[in-house]
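Input: a single structure, listed below in structure tokens.
The values are calculated or read from the model by the stated rules, or taken from the named source; none is laboratory data. All values reported here derive from a predicted model rather than from experimental measurement. Cβ coordinates were reconstructed from backbone atoms using ideal geometry, including for glycine residues, and neighbour counts include every protein chain displayed.
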């Protein structure tokens, strides 16, 4: 499988772009919700950009005033899991750095950039995991 290594500089650009899009909605958030795998680092970066102090990780309930942050919208599986935990699904804002090109996106999705195709995105914080996974694929 082809991969695309993302640099910290690109992450900085993407988080700026994403935070600008979120601010443009006019919605205010008291917290960020996320999952441990994939969303933790982007959530921390977005919290700084949006001046949000609270990050909730792996909670069973997502409040209406919480922004959900993930690294990529890919298959939609994480989105479906999160949607079932949200008090009011219509008010959910699901923010990601990337959205997989060619997928149908839910109306709640805000993303910084589309992928080029089906490449595996290698973020600076998971390069060791990616190396480990490549060993098992041989």
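Values as computed for the structure displayed
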item: Subset of the range 49-64 (residues that are under 15 Å from residue 16 (Cβ atoms) and either loosely packed, with under 12 Cβ neighbours inside 10 Å or touching a strand residue (DSSP E or B) at 6+ places or on another chain (Cβ under 8 Å) (or both)); result: 50, 51
item: Qualifying residues in the range 83-101 (those that are modelled with pLDDT of 95 or more and not in a strand (DSSP E or B)) - the one surrounded by the most Cβ atoms within 10 Å (Cβ to Cβ); result: 100
item: When residues of the range 102-134 are limited to those that are part of a strand (DSSP E or B) and over 25 Å from residue 61 (Cα atoms), the one modelled with the lowest pLDDT; result: 120
item: Count of residues meeting criterion [out of contact with any helix residue (DSSP H, G or I) (no Cβ under 6 Å at 6 or more places or on another chain), surrounded by 12 or more Cβ atoms within 10 Å (Cβ to Cβ) and within 30 Å of residue 116 (Cα to Cα)] in the range 65-82; result: 9
item: Residues (crowded, with 18+ Cβ neighbours inside 10 Å, under 24 Å from residue 121 (Cα atoms) and at pLDDT 95 or above) located in the range 21-39; result: 22, 32, 33, 34
item: Residue match in the range 97-109 (condition: touching a residue at least 24 places away in the same chain (Cβ under 8 Å), over 10 Å from the mean Cα position of the chain (by Cα) and within 21 Å of residue 2 (Cα to Cα)); result: yes
item: Cross-chain or 6+ apart pairs with Cβ under 6 Å, the range 19-31 first and in contact (Cβ under 8 Å) with a residue 12 or more places away in the chain, then in a helix (DSSP H, G or I); result: 19/49; 19/50
